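The structure appears right after this line, and notes come after that.
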Amino acid sequence: MKKLFENWKKFIKENEELVEAPGHGCATHVSENATGREGHCVFHNWNETLQEVTAYDVDFGDEIVKNIPVSELTILE
């Protein structure tokens, strides 16, 4: 858990320009379809045209992968 928090703090410092999507329930725990590995969402985009989240940045514990399309994830929570 400590490593997750440290990765999250580092990620925030590197990505201060990211914004929260307005009024929606974010995914917090996901599984990557291609690998099955599970991770925790740390940020996401907001598509103004579609009015929905289309990609998440996911902390897998050993790395943070940015901009994974929702279609490549299974939302667990």
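The values are calculated or read from the model by the stated rules, or taken from the named source; none is laboratory data. As the structure is a prediction and not an experimental result, all values here were calculated from the model. We place every Cβ from the backbone using ideal geometry, glycine too, and count neighbours over all the protein chains shown. Each accessible area value is taken on the protein alone, full model and side chains, heavy atoms only, with ligands, DNA and RNA left out. Shrake-Rupley method; radii C 1.70, N 1.55, O 1.52, S 1.80 Å.
Listed values, structure above:
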{"read-out": "Single unsatisfied condition, ARG37 versus (1) of a type outside the set (S, T, N, Q); (2) open to solvent by 100 Å² or more (accessible area, probe 1.4 Å); (3) modelled with pLDDT of 90 or more", "value": "(2)"}
{"read-out": "Where a residue in the range 42-60 is open to solvent by less than 40 Å² (accessible area, probe 1.4 Å) and its partner, wherever it lies, is in a strand (DSSP E or B) and hydroxyl-bearing (Ser, Thr, Tyr), with Cβ under 9 Å and at least six apart", "value": "VAL42/TYR56; PHE43/TYR56; HIS44/TYR56"}
{"read-out": "Per-region count, the range 42-77, residues in contact with a Lys or Arg (Cβ under 7 Å, 6 or more places away or on another chain) and of a type outside the set (Gly, Ala, Ser)", "value": "2"}
{"read-out": "Candidates VAL58, VAL42, filtered to the one that is under 21 Å from LYS3 (Cα atoms), modelled with pLDDT under 95 and part of a strand (DSSP E or B)", "value": "VAL42"}
{"read-out": "Count of residues meeting criterion [of a type outside the set (A, V, I, L, M) and under 10 Å from the mean Cα position of the chain (by Cα)] in the range 33-59", "value": "9"}
{"read-out": "Candidate set from the range 61-76 (those that are in a strand (DSSP E or B), of a type outside the set (S, T, N, Q) and over 9 Å from the mean Cα position of the chain (by Cα)); member that is surrounded by the fewest Cβ atoms within 10 Å (Cβ to Cβ)", "value": "PRO69"}
